[in-house]
Each structure stands twice: as structure tokens, then as C-alpha cells.
1. Limited to segment 90-112, what total is found for residues that are open to solvent by 50 Å² or more (accessible area, probe 1.4 Å) and among the small types (Gly, Ala, Ser)?
2. Within segment 90-112, work out how many residues are part of a loop (DSSP other than H, G, I, E, B) and within 12 Å of Val43 (Cα to Cα).
3. Quick one: count up the residues across segment 55-67 that are farther than 11 Å from Phe108 by Cα and either touching a residue at least 12 places away in the same chain (Cβ under 8 Å) or not assigned by the TED database to the domain that holds Ile96 (or both).
4. Just need a number here: residues in segment 71-89 that are part of a loop (DSSP other than H, G, I, E, B), at pLDDT 90 or above and open to solvent by less than 70 Å² (accessible area, probe 1.4 Å).
5. When segment 17-56 is examined, which residues are found to be of a type in the set (Ser, Thr, Tyr) and modelled with pLDDT under 85?
Amino acid sequence: MDCPKCNSEHAYQDGSLWVCPECAHEWSAEAGSAGEASPEAGVRDAHGNALSDGDSVIVIKDLKVKGSSSVVKGGTKVRNIRLTEGADGHNIACKIDGIGAMNLKSEFVKKA
């Protein structure tokens with residue numbers, strides 16, 4: 001069985017799990033290829049919590065606003081987010097008080 005993450009052919013079975021020695025990925029044989037796609041399907045915050053439309057998030061670090069001299073400070077709470085499919089990695093659309101509408105990357109927020 002090949003590793004679903006890196007396609008290595010050197011995967012081996014360890015009890016009920018399969019282990020890839022090249023990327024250290026572990027998976028169960030019952031999960032199959034359909035089970036591997038479901039954890040990736042959702043948008044997750046910096047701590048791995050699943051996000052959904054309407055959630056509130058907190059920015060975890062200072063972020064420069066492109067095309068402006070303003071900064072979104074770490075600790076800013078953003079309410080009522082919308083999840084989008086951004087080609088540039090920005091997968092959260094929101095409005096921030098004092099700044100306006102903008103897009104954020106989920107790796108820079110945590111669920112409130």
C-alpha cells in the first residue's frame with residue numbers, strides 16, 4: 001500500500017495502522033482514500049479547530065493590511081466570518097471594525 005500523503009511505496013503496517021517511514025504519516029487501512037479526503041475538506045484555524053460560516057475568530061498576530069498603512073492587531077476579535085475559496089490562500093472573508101471588509105488566511109486566526 002502506498003502512502004496517501006507522499007505516495008511512498010515503503011509504507012508498512014504496524015498493528016491496525018499503516019505508517020510511512022518517509023513522511024511519518026499514519027492512517028488506518030479501513031479509512032481508505034475517501035476517508036483521507038474528509039479531514040482536508042474543511043477550513044481549520046491555527047490550532048486545528050474546524051471553522052464554519054458565522055463563527056467568531058481572534059487574530060493571533062499583527063497583520064499588515066495590503067495597500068494601506070494600517071495594521072490588524074493580534075487579539076482583534078472578528079465576528080460573523082464567511083468561508084471562501086481564495087486562490088491566494090485567503091479563505092476567510094470578514095469585516096473588521098475600523099478597517100472594513102478584508103480577507104484573512106485561516107492560519108492566522110483561532111476560533112473564539
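1. Our first condition is that a residue be open to solvent by 50 Å² or more (accessible area, probe 1.4 Å); within segment 90-112, this holds for 90, 95, 97-99, 101, 103, 105, 107-108, 110-112.
Cutting the leftovers down to among the small types (Gly, Ala, Ser) gives us 98, 101, 112.
The number of residues fulfilling the criteria is 3.
2. Of all residues in segment 90-112, those part of a loop (DSSP other than H, G, I, E, B) come to 90-91, 97-99, 105, 112.
Now restrict to residues that are within 12 Å of Val43 (Cα to Cα): 90-91, 105.
The number of residues fulfilling the criteria is 3.
3. Filtering segment 55-67 down to residues farther than 11 Å from Phe108 by Cα leaves 55-56, 64-67.
Filter again for either touching a residue at least 12 places away in the same chain (Cβ under 8 Å) or not assigned by the TED database to the domain that holds Ile96 (or both), leaving 55-56, 65.
Total satisfying the criteria: 3.
4. Within segment 71-89, the subset part of a loop (DSSP other than H, G, I, E, B) is 73-76, 79-81, 84-89.
Now restrict to residues that are at pLDDT 90 or above: 73-76, 79-81, 84.
Now narrow it down to the ones that are open to solvent by less than 70 Å² (accessible area, probe 1.4 Å): 74-76, 81, 84.
Residues meeting the conditions: 5.
5. Kept after step one, since they are of a type in the set (Ser, Thr, Tyr), are these residues of segment 17-56: 28, 33, 38, 52, 56.
Hits for segment 17-56 are Ser28, Ser33, Ser38.
The values are calculated or read from the model by the stated rules, or taken from the named source; none is laboratory data. Treat the numbers as computed from the prediction; the structure is a model and nothing was measured. Positions of Cβ are backbone-derived with ideal geometry, glycine not excepted, and every protein chain shown enters the neighbour counts. Note: accessible area is taken over every heavy atom of the protein model, side chains too, but ligands, DNA and RNA are not part of it. Shrake-Rupley method; radii C 1.70, N 1.55, O 1.52, S 1.80 Å.
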